[in-house]
Amino acid sequence: MSLILAATPLGNAADASARLKSAIETTSIVAAEDSRKFHRLCSDIEVEFKGRVISFFEGNEQERTPELLTILRSGGTVLVVSDAGMPTISDPGYRLMRDAIAENIPVSVIPGPSAPTMALALSGLPTDRFTFEGFSPRAAGARQKFFEELKFQERTVIWFEAPHRLADALSDAVAIIGSQRQAAICREMTKRYEETIRGTLGELLIWSQSQEVLGEITMVMAGAPQGEESRSTAAIVARVNEFEAAGMDRKSAIATVADEFSLAKRVVFAAVVDAKSTSKIST
C-alpha cells in the first residue's frame, strides 16, 4: 500500500528516469491526468503497462480522490502522473497527497523534470530565493492585482503563462512593475522548438507583440531591489502630501498620485493610511 507521485518528461522522452519506468511497469493502478498522453508516454519510453488507468484531472480531482483513497486503504498502490512535470505543482494530486498523509498512508515521490526549476536555471536570474505563483489570472483585473502584489517581492518570481495571454500579461506587468525589471520567457522547454528570451519586461513585451506565440510558457522575473517598497511608499506618501499642501483634497490627491505612479488607487490609499498610523504610533 502506497501512494507514489512521479515526475514525467516535459517534452523530451529521454528525460524519463529509470525509477519512473520501473514504477509504471510494476504498479497496477495509475491515476493519469490524460490517459491518452500516458499511453503515448509509455510508447515513447518503451515501457509496457498492463494495469488500470484512472482519469485524474483538475475537473474530477475532488470526486476521484475518495475513490483512490479507498484503493489505498485496501492495500493497493497508486501511481499519480500528470501530463508533464511533477504532480501537485499546478497539476492534480495535492488533495490526494494531503488526505493520504492525514490517514498515515505511506507516500513517496519519484523526482524528475519540473518546469519552474528548469526555467529558473535557464533564466540566469538569482536562484538563492524564489517564489512560484502558478498561473497568472485570466481576468484583467485579477491579473493586475496579481502583479501589484508581486511588485515589491524581493525573491525571483516564477509563474506559468498561457501563450495567447502572454502579451496582455506582460503589458500589465510593465504598467505596474515598470519596463526595466529583468525577466525571461522560457518556451517549449526540452522540446524541439525550445527557446529562452531574456531581457527587460519592456523588451519581452515588444517581443511578445511582434509574433504569434505558441507552446508552453514559463515566466521568470527578477525580484525587486531590497528596500524598494519602503522607498516607494515614502515617495507616494510625500507626493500625496505635496498635492494636499497645494490645496487638493485627499481623494483627488490619491487619484492623481495613483495615475502618476501607475498604481491602483487602493494601493496609494493604503500607503497613506499606513503612514498615518505609523506616525501616530511613533508620537
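We did not get these values from a lab; they are worked out from the coordinates using the rules stated. Please read these numbers as outputs of a predicted model, since none were measured by experiment. Glycine gets a Cβ as well: all are built from the backbone with ideal geometry, and neighbour counts include every protein chain shown.
The table that follows gives values for the structure above.
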{"read-out": "Per-residue HN-Hα couplings for region 13-26 [Karplus 6.51, -1.76, 1.60; θ = phi - 60°; Hz; x = Gly/Pro]", "value": "4, 5, 7, 5, 7, 4, 5, 4, 4, 5, 5, 5, 5, 9"}
{"read-out": "Net charge contributed by nearby residues that have their C-beta within less than 15 Å of Lys191 (K/R +1, D/E -1)", "value": "-3"}
{"read-out": "Dipole in debye (nearest 20) - region 142-259, about Cα centre, beta carbon charges: Lys, Arg +1; Asp, Glu -1", "value": "120 debye"}
{"read-out": "As computed over region 1-155, the Cα convex hull volume per residue (Å³)", "value": "141 Å³"}
{"read-out": "Evaluated at q = 0.10, 0.19 Å⁻¹: base-10 log I(q)/I(0), Debye formula over Cα of region 116-221", "value": "-0.23, -0.90"}
{"read-out": "Reachable lysines, given that their alpha-carbon falls under 21 Å from the alpha-carbon of Lys50 and they are not under 8 places away in the same chain", "value": "Lys21, Lys37"}
{"read-out": "Residue order, fewest to most beta carbons within 10 Å, for Thr131, Thr233", "value": "Thr131, Thr233"}
{"read-out": "Mean-position separation - Cα centroids, region 71-141 and region 178-235, in angstrom", "value": "23 Å"}
{"read-out": "All lysines inside 22 Å of Lys265 as judged from Cα atoms, apart from same-chain residues fewer than 8 positions distant", "value": "Lys145, Lys151, Lys251, Lys276"}
{"read-out": "Fewest-first sequence of His39, His164 by Cβ atoms within 10 Å of each Cβ", "value": "His164, His39"}
{"read-out": "Electrostatic dipole magnitude of the chain [Cβ: Lys, Arg +1; Asp, Glu -1; Cα centre; debye, to 20]", "value": "420 debye"}
{"read-out": "Packing-based exposure ordering (other Cβ within 10 Å, fewest first) of Ile89, Ile176", "value": "Ile89, Ile176"}
{"read-out": "Phi-based couplings in Hz for region 116-125 (Karplus 6.51, -1.76, 1.60; Gly and Pro marked x)", "value": "x, 6, 5, 5, 4, 5, 5, 5, x, 8"}
{"read-out": "Selection from Ala238, Val267, Met248 lying farthest towards where the dipole of region 215-283 points positive, charges on Cβ", "value": "Met248"}
{"read-out": "q = 0.13, 0.16, 0.17 Å⁻¹: log10 I(q)/I(0) that the Debye formula gives for the chain, counting C-alpha atoms only", "value": "-0.93, -1.17, -1.25"}
{"read-out": "Helix-derived mean residue ellipticity, 222 nm - over the chain, DSSP H n ≥ 4, -39500 (n - 2.57), to 500", "value": "-14000 deg cm²/dmol"}
{"read-out": "Rg ratio (alpha-carbon, reference 2.2 N^0.38 Å) - region 228-282", "value": "1.04"}
